[in-house]
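Only one structure is covered here, and it is reproduced in the block below.
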Amino acid sequence: MDELTHPITGQTFPSPVPPGTGWPDDPATPSTPVAETPEEVASLAAVADLGVLDAEVSVCRACPRLVKWREDVAHTKRASFANEPYWGRPIAGWGEAEPRILIVGLAPAANGGNRTGRIFTGDRSGDWLFASLHRVGLAAQETSLHAGDGQRLIGARMAATVRCAPPDNKPTLLERDTCAPWIRREVQLVLPTLDVVVCLGSYGWDAALRTLADAGIAIPKPKPKFGHGAEVDLGEVTLLGSYHPSQQNTFTGRLTEPMLDAVFSRALELAGDS
């Protein structure tokens, strides 16, 4: 397989990138166990260490349609990235291991996180998100271009509900449920320090409610409704809603920079008050 040059490190990689070959921030090694079925996802997710969980997430192959799609995209590539290697694997959670704020989204983009190996990185949505996080003090840099670019989160962590890029950005219910043990365990492991969960879009909102309920947090009935700026005090944590920074929302003005900044400023306020 032909190898291409990583745009930050200058090292060459095939697409998709094998685990443990030197890609920046790759949590896995060649010996990291690989989940091939939903049952194996559930079994492997039952670990006590966040780093081990991240590694296992990053090599998962339990959803055949998503594996094929993410790897097909990594082989064919978007024309503007034709000379870059694509990560082409699931995207692990990223950020601090003991966060006060957790940001939950839907799934990585085919030519964004699936290319760069970092959640919300390398596409227009990520540009908006990281710029806002930097403005309010939750990210060290205003851009997140690629794994290895020096970006870091401050008191925060990001996680996707579904860890592989899905066709048309639409995972099936089976794929969502197969992937659920990964975020369920991730939330359990970071919950002791967590104050706020920021949900990007209704998909992230619903996933956060399910996941927090699985972690033993009482969810009000009827289920709290998603909305931009929605805020729900769940006792141990506060849930905040934001429109997703997709081009559909940002190009139309449904989501503006001040609107997004307001949500993250509120998250920071809540975390600081806890």
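The values are calculated or read from the model by the stated rules, or taken from the named source; none is laboratory data. Remember, predicted model here, so these are calculated numbers, not experimental data. No Cβ is skipped: glycine too gets one built from the backbone with ideal geometry, and neighbour counts run over all protein chains shown.
Just a few scattered comments:
- Close Cβ contacts (under 8 Å, 6 or more residues apart or on different chains) running from residues in segment 32-59 that are closer than 16 Å to Glu98 by Cα and touching a residue at least 12 places away in the same chain (Cβ under 8 Å) to residues that are acidic (Asp, Glu) and surrounded by 15 or more Cβ atoms within 10 Å (Cβ to Cβ) comprise Leu50/Glu186; Leu53/Glu186.
- Residue check, Thr193 surrounded by fewer than 23 Cβ atoms within 10 Å (Cβ to Cβ), of a type in the set (Ser, Thr, Tyr), in contact (Cβ under 8 Å) with a residue 60 or more places away in the chain and farther than 18 Å from Arg70 by Cβ: yes
- Residue in segment 128-143 that is farthest from the chain's Cα centre (by Cα), counting only those that are part of a loop (DSSP other than H, G, I, E, B) and of a type in the set (Gly, Ala, Ser): Gly137
- Of the residues making up segment 117-133, not a single one is buried (at least 18 other Cβ atoms within 10 Å of the Cβ), charged (D, E, K, R), in contact with a Pro (Cβ under 8 Å, 6 or more places away or on another chain) and at pLDDT 95 or above.
- Checklist (1) in a helix (DSSP H, G or I); (2) surrounded by 16 or more Cβ atoms within 10 Å (Cβ to Cβ) applied to Gln248, failing item: (2)
- Here Ala267 clears all of (1) in contact with a strand residue (DSSP E or B) (Cβ under 9 Å, 6 or more places away or on another chain); (2) farther than 17 Å from Val196 by Cβ except the condition numbered (2).
- Residue among Arg157, Arg184, Arg135 that alone is among the charged types (D, E, K, R) and in contact with a strand residue (DSSP E or B) (Cβ under 9 Å, 6 or more places away or on another chain): Arg157
- For Asp177, the stated conditions do not hold, so it cannot be described as under 17 Å from Phe120 (Cα atoms), in contact (Cβ under 8 Å) with a residue 60 or more places away in the chain and surrounded by fewer than 21 Cβ atoms within 10 Å (Cβ to Cβ).
- Pairs, first of a type in the set (Phe, Trp, Tyr) in segment 219-247, second in a strand (DSSP E or B), C-beta under 8 Å, six or more apart: Phe226/Cys199; Phe226/Gly241; Tyr243/Leu200
- Out of Ala55, Ala92, Ala46, one residue alone is at pLDDT 95 or above, crowded, with 18+ Cβ neighbours inside 10 Å and touching a Lys or Arg at 6+ places or on another chain (Cβ under 8 Å). It is Ala92.
- Of the numbered criteria (1) of a type outside the set (Asp, Glu); (2) buried (at least 21 other Cβ atoms within 10 Å of the Cβ); (3) modelled with pLDDT under 95, the one Thr161 fails is (3).
- Those strands (runs of 3 or more DSSP E) of segment 144-245 in which at least 1 residues are out of contact with any Asp or Glu (no Cβ under 7 Å at 6 or more places or on another chain) and more than 24 Å from Phe130 (Cα to Cα), considering only elements entirely within it, cover 231-233.
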